[in-house]
1. Skip the ligands, DNA and RNA, and give the accessible area per residue of the stretch 231-280 with a 1.4 Å probe, whole Å².
2. With every protein chain kept in the model, how would you rank Val238, Val418 by accessible area, 1.4 Å probe, largest at the top?
3. Assigning unit charges at the beta carbon (Lys, Arg +1; Asp, Glu -1) and nothing else, what dipole magnitude in debye, to the nearest 20, does the stretch 156-273 show about its Cα centre?
4. Asp338: accessible area at probe 1.4 Å, nearest 10 Å²?
5. What is the sum of charges around His241, taking Lys and Arg as +1, Asp and Glu as -1, for the other residues whose C-beta is under 9 Å from the C-beta of His241?
6. Nearest 0.05, what FRET efficiency do Asp338 and Arg401 give at R0 = 35 Å with Cβ-Cβ as r?
7. If I ignore ligands, DNA and RNA and count only protein heavy atoms, how much of Glu319 is accessible to a 1.4 Å probe, in Å² to the nearest 10?
8. All other residues with a Cβ under 13 Å from the Cβ of Ala270 taken together, and with Lys, Arg as +1 and Asp, Glu as -1, what is their net charge?
Amino acid sequence: MQSLSNPSPIKSLIRPRPRVTRASPNKLVLECIYRSDSVSFPNGVGSNRADWQSSCAILASKVVAQQQPIDKSISGGDSGGVADHVAAVNGHKTSVDLNLVPIEKATSNSNNNSSIKPHQPQKPLTITDLCPAPMHGSQLRVAYQGVPGAYSEAAAGKAYPNCEAIPCDQFEVAFQAVELWIADRAVLPVENSLGGSIHRNYDLLLRHRLHIVGEVQLPVHHCLLALPGVRKEYVNRVISHPQALAQCELTLTKLGLQVAREAVDDTAGAAEYIAANNLRDTAAIASARAAELYGLQVLADGIQDDSSNVTRFVMLAREPIIPRTDRPFRTSIVFAHDKGTSVLFKVLSAFAFRNISLTKIESRPHRNRPIRLVDDANVGTAKHFEYMFYVDFEASMAEVRAQNALAEVQEFTSFLRVLGSYPMDMTPWCPSRGDDDDDGGNEKNPF
């Protein structure tokens, strides 16, 4: 797989009180992209082009303002300075709070060379980062959740070779990065063949207005990692993501590691934690790439219990793609009904009568109306849960049968939204190195 850059993760884009400071004469950076007290739009933060253009105009005005002397704002008196940004541009209010902070000049002596850190931070975001998606031949910026070495980074590289992978500390930050034009795509896990659905991302798909434009299925190979020179006998703790710990439980027992298991946010983060804190009594379950990035050794390779574990990732973009009929397509929808689950059979029949195969159906509680009360004179008041239903089916929206099916579904539902119609991942199954071992083989972990 191609080498990917190792930037530090994008931290949460929601901060209560962003700091505003002067930058160097001609260079500005962004510290706070979105603030919770900004103007809200019904279609999501920064989702329309007018909002984006307004935000860029605000940035441009700040560039001019900060090129002027700012002695007054430094000495006191009128302390607002550039902090008082334009509330509206051309009549368009902006929900994006683009506050600027300086890049401080390095004052270190050239003769006094400091030790080189293994991971250099990502370059600060500048005004050029808030630009439309790159055109032909340009490098795509792809956001993923985790730190460099995570399986999501590998999925981003498989989906978009030679991309610029942008790590984010939360799933929602990856959504926001695409909405605010910091990234062009986001690659996020939605289901795992052993662990099931990643419910958090299904909820975020409904909350945000991004579109699914593709999918990729990734084989993930688990390794037991530790600092160089550490032997398995010295390990008394194993850390990783909860799913990775569960997926390697039997193998860890076979290796004689009757030690404490501790859960962390992601697998690559566990490897980074061990390296950063020089923990010689702790091992991590992560990928071989994480071992290379953080200078760890592989104590055991292919330690997953089951070789038939696959993770499906979806690619998200601001605009949908044009559906086609010259290759297999998958379409994802979400719907709800005021009368509860009684309509589910009718909805499924709309696909069955047209010979459309369903590949997934998932129910999630309706957040705005989780409980439905039904009054019956004979038995009293009954309480029922309200659900949102997520369905994937094998058909393109360019096909007439899919269009007719959704037209019929719309008659039975109170809410219907197409999350995306996109090409299916038809990549042949490629077992990892561990599949030839007696213990089991390759396992895929969405994290």
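1. Values: 2610 Å² over 50 residues.
Each residue of the stretch 231-280 exposes 52 Å² on average to a 1.4 Å probe.
2. Details: Val238 0, Val418 60 Å².
The ordering from most to least exposed comes out as Val418, Val238.
3. Working: 10 positive and 14 negative charges, 79 e Å.
Its charge dipole is roughly 380 debye.
4. Its accessible surface works out to 90 Å², give or take rounding.
5. On the way: positive: none; negative: Asp265, Asp266.
Residues close to His241 contribute a combined charge of -2.
6. Working: r = 27 Å, r/R0 = 0.77.
Computed FRET efficiency for Asp338 and Arg401: 0.80.
7. Surface accessible to solvent at Glu319 totals approximately 130 Å².
8. Numbers: positive: Arg237, Arg261; negative: Glu262, Asp265, Asp266, Glu272.
My count for the surroundings of Ala270 gives -2.
The values are calculated or read from the model by the stated rules, or taken from the named source; none is laboratory data. Values in this document were obtained by computation on a predicted structure and should not be read as measured data. Neighbour counts are summed over all protein chains in view; Cβ atoms, including those assigned to glycine, are modelled from backbone coordinates with ideal geometry. Surface accessibility is based on the protein's heavy atoms, side chains included, excluding ligands, DNA and RNA. Shrake-Rupley method; radii C 1.70, N 1.55, O 1.52, S 1.80 Å.
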